[in-house]
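Taking it in order: structure first as C-alpha coordinates, then the write-up.
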(Lines give C-alpha, C1' and ligand atoms only; values in the text may rest on other atoms or scores of the structure.)
Protein backbone atom coordinates (compact mmCIF):
# COMPACT_ATOMS: atom_id res chain seq x y z
CA UNK A 1 0.00 0.00 0.00
CA UNK A 2 2.90 2.35 0.77
CA UNK A 3 4.33 1.79 -2.69
CA UNK A 4 1.04 2.74 -4.35
CA UNK A 5 0.75 5.87 -2.19
CA UNK A 6 4.33 6.84 -2.99
CA UNK A 7 3.68 6.23 -6.71
CA UNK A 8 0.64 8.50 -6.64
CA UNK A 9 2.63 11.23 -4.92
CA UNK A 10 5.35 10.94 -7.58
CA UNK A 11 2.82 11.13 -10.39
CA UNK A 12 1.17 14.19 -8.82
CA UNK A 13 4.56 15.90 -8.47
CA UNK A 14 5.47 15.16 -12.09
CA UNK A 15 2.14 16.45 -13.36
CA UNK A 16 2.46 19.58 -11.27
CA UNK A 17 5.95 20.25 -12.62
CA UNK A 18 4.86 19.56 -16.21
CA UNK A 19 1.82 21.82 -15.91
CA UNK A 20 3.93 24.67 -14.58
CA UNK A 21 5.95 24.54 -17.80
CA UNK A 22 2.91 24.94 -20.07
CA UNK A 23 1.59 28.40 -20.85
CA UNK A 24 -2.10 28.89 -20.20
CA UNK A 25 -4.34 29.62 -23.22
CA UNK A 26 -4.60 33.31 -23.96
CA UNK A 27 -1.28 34.16 -22.30
CA UNK A 28 1.99 34.86 -24.02
CA UNK A 29 4.62 32.18 -23.50
CA UNK A 30 7.51 33.18 -21.26
CA UNK A 31 11.02 31.78 -21.20
CA UNK A 32 10.90 28.10 -20.33
CA UNK A 33 7.22 27.61 -21.16
CA UNK A 34 5.67 25.89 -24.12
CA UNK A 35 2.17 25.90 -25.46
CA UNK A 36 1.10 22.33 -26.14
CA UNK A 37 -2.25 21.69 -27.80
CA UNK A 38 -4.35 19.16 -25.94
CA UNK A 39 -6.02 16.26 -27.67
CA UNK A 40 -9.46 17.75 -27.12
CA UNK A 41 -8.54 21.39 -27.69
CA UNK A 42 -10.43 23.29 -30.33
CA UNK A 43 -8.19 25.03 -32.85
CA UNK A 44 -9.92 28.38 -32.42
CA UNK A 45 -6.80 30.47 -32.94
CA UNK A 46 -4.06 28.35 -34.53
CA UNK A 47 -1.69 31.33 -34.70
CA UNK A 48 -1.28 31.06 -30.91
CA UNK A 49 0.73 27.85 -31.30
CA UNK A 50 2.44 28.38 -34.66
CA UNK A 51 6.21 28.25 -34.78
CA UNK A 52 7.59 31.49 -36.12
CA UNK A 53 9.03 31.55 -39.64
CA UNK A 54 11.80 34.01 -40.34
CA UNK A 55 10.97 36.80 -42.75
CA UNK A 56 12.30 36.06 -46.23
CA UNK A 57 12.35 32.33 -45.56
CA UNK A 58 10.70 31.59 -48.89
CA UNK A 59 12.85 28.52 -49.40
CA UNK A 60 10.90 26.65 -46.71
CA UNK A 61 8.87 23.79 -48.16
CA UNK A 62 7.04 22.95 -44.92
CA UNK A 63 7.28 23.27 -41.17
CA UNK A 64 6.10 20.18 -39.30
CA UNK A 65 5.30 20.35 -35.60
CA UNK A 66 4.54 17.27 -33.51
CA UNK A 67 3.37 17.69 -29.93
CA UNK A 68 1.81 15.60 -27.18
CA UNK A 69 2.00 11.93 -26.40
CA UNK A 70 2.56 10.53 -22.97
CA UNK A 71 6.02 12.14 -22.84
CA UNK A 72 4.68 15.54 -23.84
CA UNK A 73 7.06 16.03 -26.74
CA UNK A 74 7.24 19.28 -28.67
CA UNK A 75 9.30 19.04 -31.86
CA UNK A 76 9.39 21.29 -34.89
CA UNK A 77 11.07 20.19 -38.11
CA UNK A 78 11.60 22.62 -40.97
CA UNK A 79 12.16 21.27 -44.48
CA UNK A 80 13.97 23.56 -46.91
CA UNK A 81 13.93 23.42 -50.72
CA UNK A 82 17.63 22.52 -50.85
CA UNK A 83 17.00 19.47 -48.64
CA UNK A 84 18.27 20.99 -45.42
CA UNK A 85 16.32 19.81 -42.38
CA UNK A 86 16.33 21.44 -38.95
CA UNK A 87 14.79 19.99 -35.81
CA UNK A 88 14.10 21.87 -32.62
CA UNK A 89 12.95 20.06 -29.50
CA UNK A 90 12.08 21.49 -26.14
CA UNK A 91 15.24 21.70 -24.07
CA UNK A 92 17.59 20.58 -26.88
CA UNK A 93 19.93 22.29 -29.31
CA UNK A 94 18.84 22.67 -32.93
CA UNK A 95 19.82 19.61 -34.97
CA UNK A 96 20.45 19.52 -38.72
CA UNK A 97 20.19 16.78 -41.33
CA UNK A 98 19.96 16.54 -45.11
CA UNK A 99 17.25 15.07 -47.34
CA UNK A 100 17.86 13.90 -50.89
CA UNK A 101 16.42 15.79 -53.87
CA UNK A 102 14.16 12.76 -54.52
CA UNK A 103 12.73 12.96 -50.98
CA UNK A 104 12.03 16.68 -51.38
CA UNK A 105 10.42 16.09 -54.78
CA UNK A 106 8.19 13.34 -53.34
CA UNK A 107 7.11 15.63 -50.50
CA UNK A 108 6.43 18.51 -52.91
CA UNK A 109 4.26 16.23 -55.07
CA UNK A 110 2.07 15.38 -52.09
CA UNK A 111 1.89 19.00 -50.90
CA UNK A 112 1.15 20.28 -54.41
CA UNK A 113 -1.62 17.77 -55.16
CA UNK A 114 -5.25 18.78 -55.66
CA UNK A 115 -6.23 16.46 -52.79
CA UNK A 116 -3.87 18.29 -50.42
CA UNK A 117 -5.26 21.65 -51.55
CA UNK A 118 -8.76 20.47 -50.54
CA UNK A 119 -7.79 19.51 -46.98
CA UNK A 120 -9.67 21.13 -44.13
CA UNK A 121 -7.72 23.20 -41.61
CA UNK A 122 -8.42 20.86 -38.65
CA UNK A 123 -9.08 17.17 -38.10
CA UNK A 124 -9.98 16.43 -34.47
CA UNK A 125 -10.07 13.35 -32.29
CA UNK A 126 -10.79 12.79 -28.62
CA UNK A 127 -8.53 10.84 -26.32
CA UNK A 128 -5.66 11.00 -23.90
CA UNK A 129 -1.98 11.28 -24.80
CA UNK A 130 -2.63 11.75 -28.52
CA UNK A 131 -0.03 13.30 -30.78
CA UNK A 132 -1.02 16.50 -32.55
CA UNK A 133 0.50 17.20 -35.96
CA UNK A 134 0.67 20.69 -37.45
CA UNK A 135 1.71 21.11 -41.09
CA UNK A 136 2.56 24.69 -42.05
CA UNK A 137 2.98 25.26 -45.78
CA UNK A 138 4.22 28.86 -46.15
CA UNK A 139 4.21 29.09 -49.94
CA UNK A 140 2.27 27.87 -52.92
CA UNK A 141 -1.08 28.98 -54.24
CA UNK A 142 -2.45 29.40 -50.72
CA UNK A 143 -0.19 29.35 -47.64
CA UNK A 144 -1.95 27.27 -45.01
CA UNK A 145 -1.81 25.38 -41.77
CA UNK A 146 -3.36 21.95 -41.29
CA UNK A 147 -3.72 20.40 -37.83
CA UNK A 148 -4.62 16.79 -37.09
CA UNK A 149 -4.11 14.28 -34.34
CA UNK A 150 -3.89 10.57 -33.70
CA UNK A 151 -7.26 8.92 -34.13
CA UNK A 152 -8.67 11.59 -36.46
CA UNK A 153 -10.31 10.53 -39.71
CA UNK A 154 -7.65 11.91 -42.07
CA UNK A 155 -7.94 11.87 -45.84
CA UNK A 156 -5.26 9.58 -47.36
CA UNK A 157 -3.21 12.51 -48.70
CA UNK A 158 -2.78 13.91 -45.18
CA UNK A 159 -1.59 10.53 -43.93
CA UNK A 160 0.84 10.41 -46.91
CA UNK A 161 2.23 13.84 -46.02
CA UNK A 162 2.71 12.87 -42.37
CA UNK A 163 4.37 9.56 -43.36
CA UNK A 164 6.79 11.41 -45.67
CA UNK A 165 7.57 13.91 -42.90
CA UNK A 166 8.11 11.13 -40.35
CA UNK A 167 10.57 9.49 -42.78
CA UNK A 168 12.50 12.76 -42.92
CA UNK A 169 12.27 13.05 -39.12
CA UNK A 170 13.94 9.64 -38.84
CA UNK A 171 17.12 11.15 -40.30
CA UNK A 172 17.77 12.74 -36.92
CA UNK A 173 17.92 9.44 -35.00
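Before moving on, here are some points about what is shown:
- Some residue of segment 164-173 being under 18 Å from the mean Cα position of the chain (by Cα), in a helix (DSSP H, G or I) and modelled with pLDDT under 95: yes
- Contact map, segment 111-122: first residue exposed (fewer than 12 other Cβ atoms within 10 Å of the Cβ), second residue outside any loop (DSSP other than H, G, I, E, B) and modelled with pLDDT under 90, Cβ cut-off under 8 Å, separation 6 or more or different chains; pairs are 121/46.
- Each residue in segment 123-143 was checked for being surrounded by 14 or more Cβ atoms within 10 Å (Cβ to Cβ) and either touching a residue at least 60 places away in the same chain (Cβ under 8 Å) or over 14 Å from the mean Cα position of the chain (by Cα) (or both), and 13 pass.
- Identity of the residue in segment 128-159, assigned to a loop (DSSP other than H, G, I, E, B) and touching a strand residue (DSSP E or B) at 6+ places or on another chain (Cβ under 8 Å), that ends up nearest to residue 71 (Cα to Cα): 129
- Number of the condition not met by residue 92 [criteria: (1) surrounded by fewer than 16 Cβ atoms within 10 Å (Cβ to Cβ); (2) touching a helix residue (DSSP H, G or I) at 6+ places or on another chain (Cβ under 9 Å)]: (2)
- Exclusive hit being at pLDDT 95 or above, touching a strand residue (DSSP E or B) at 6+ places or on another chain (Cβ under 8 Å) and at positive phi, set 69, 83: 83
- Segment 160-172: number of residues that are out of contact with any strand residue (DSSP E or B) (no Cβ under 8 Å at 6 or more places or on another chain) and under 18 Å from residue 75 (Cα atoms): 5
The values are calculated or read from the model by the stated rules, or taken from the named source; none is laboratory data. Values in this document were obtained by computation on a predicted structure and should not be read as measured data. Glycine gets a Cβ as well: all are built from the backbone with ideal geometry, and neighbour counts include every protein chain shown.
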